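The values are calculated or read from the model by the stated rules, or taken from the named source; none is laboratory data. Predicted, not measured: the structure shown is a model, and the values here were computed from it. Counting neighbours? That spans all protein chains shown, and the Cβs are built from the backbone with ideal geometry, glycine included.
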Amino acid sequence: MHNGTTITQFIIEEQRHIDNATGDFTSLLNDVVTACKVISNAVNHGALIDVLGSAESENIQGETQKKLDIISNDIFLKSNEWSGHVAAMASEEMEDVYQIPSQYPRGKYLLVFDPLDGSSNIDVNVSVGTIFSILRCPEGIENPTAEDFLQPGSKQVCAGYALYGPSSMMVLTTGNGVNGFTLDQNIGEFILTHGAMSIPEDTQEFAVNASNMRFWEAPLKRYIEECLAGSEGPRGRDFNMRWIASMVAEVHRILTRGGVFMYPVDSKMKAKGLEGKLRLLYEANPMSMIIEQAGGMSSTGRERIMDIEPSDLHQRVPVILGSRNEVQRAIDYHLRDDAESAA
Ligand code: AHG
Ligand code: MN
Ligand code: MN
């Protein structure tokens, strides 16, 4: 018998401190939690229920979809369309905004998500996750369009992720710190296990896909080269490197023991007219809110991610996030390099 705090209890108690809270947000979050439990169950059963492998289709980003990308997207839509709390949804796997079917009432929130993050890891049984962000639907909008989703990250009401790893976890923030919950599979509840998560200011661990190094901009190259030079280099200490290729898993590691995660823009992307790999609305913004709420920092190298005014539902941005002193150093290198190039 557990005697911990369930995620539902935690959310209800948190909402009690908010004036005029109607319970809508609490119910919405409950449905998001249910969706993540269903996805966790599918991921967990894997080959037993024939959900691994490719779906032989492409999403709007030109990426081949995995069966589980599509299954997870459907689970999220079905879990959230009926409740009357959501006005519309958008996701990595859908080109356009998903309208609430006409038989259901519309609510006051917009839900944006990456249904399965790190899905290249699914077939090799390495951690994957789900990322979500909740925005308010602008006043007076009956039928939200993509434009209504184009709000800066600083406007998020809530951001969170579910991690499907050795344990399934849910980590979330409503702007009042970050808390982590572990799924007790026997009772089907997420239980508070990681209260008030906070990121150490300093770290000796970085995460980057170093195979792209030759395409990077000079300031990022400088930052990583100095880390690699270790105790003999200008940093005077050795660094450790990790790359899981699941942003959820990297962010979770950083929330647990510190670190810096980088997915920079590079010349290969620029040649295709792209400004980064990770998507602003359903990857960079929610993760930035969680990182900042845990005392870390999140930037493109040149500006705070949550200050960006989005211009497209699937817009991509460079991402540098994690322990604040390292993120600040990377920003300093970018700004100094820009100033020198302008001089
Ligand atoms: P997704 O599976 O939702 O498309 O996201 C994958 C992202 C992110 O989670 C990860 O950090 C990065 O792409 C991995 O990219 P590389 O394969 O280029 O390393
Ligand atoms: Mn992703
Ligand atoms: Mn994805």
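Listed values, structure above:
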read-out: Selection within region 75-86 - of a type in the set (D, E, K, R) and either part of a loop (DSSP other than H, G, I, E, B) or over 24 Å from Thr26 (Cβ atoms) (or both); value: Glu81
read-out: From the options Phe190, Phe206, residue that is of a type in the set (Phe, Trp, Tyr), closer than 20 Å to Asp117 by Cβ and out of contact with any Ser or Thr (no Cβ under 9 Å at 6 or more places or on another chain); value: Phe206
read-out: Residues within region 282-317 that are assigned to a loop (DSSP other than H, G, I, E, B) and in contact (Cβ under 8 Å) with a residue 12 or more places away in the chain, tallied; value: 14
read-out: Complete set of residues in region 84-126 that are more than 14 Å from Cys137 (Cβ to Cβ) and either without any contact (Cβ under 8 Å) to a residue 12 or more places away in the chain or more than 16 Å from ligand 3 (Cβ to nearest atom) (or both); value: Asp96, Pro101, Ser102, Gln103, Tyr104, Val124, Asn125
read-out: Residue within region 133-156 that is closer than 20 Å to Ile39 by Cβ and either over 23 Å from the mean Cα position of the chain (by Cα) or touching a residue at least 12 places away in the same chain (Cβ under 8 Å) (or both) present; value: yes
read-out: Test: residue in region 116-133 that is within 16 Å of ligand 1 (Cβ to nearest atom), outside any loop (DSSP other than H, G, I, E, B), in contact with an Asp or Glu (Cβ under 8 Å, 6 or more places away or on another chain) and modelled with pLDDT under 95; value: yes
read-out: Residue check, Ser127 surrounded by 19 or more Cβ atoms within 10 Å (Cβ to Cβ) and under 16 Å from the mean Cα position of the chain (by Cα); value: yes
read-out: Near pairs, Cβ below 7 angstrom, 6+ apart or cross-chain, from region 5-28 (on the phi > 0 side of the Ramachandran plot) to any residue that is at pLDDT 95 or above; value: none
read-out: Answer from Ile70, Ile11, Ile60, Ile39 - the residue that is part of a loop (DSSP other than H, G, I, E, B) and either modelled with pLDDT of 95 or more or over 18 Å from Gly165 (Cα atoms) (or both); value: Ile60
read-out: Per-region count, region 267-308, residues away from ligand 3 (no atom under 16 Å from the Cβ) and either of a type in the set (S, T, N, Q) or within 15 Å of the chain's Cα centre (by Cα) (or both); value: 15
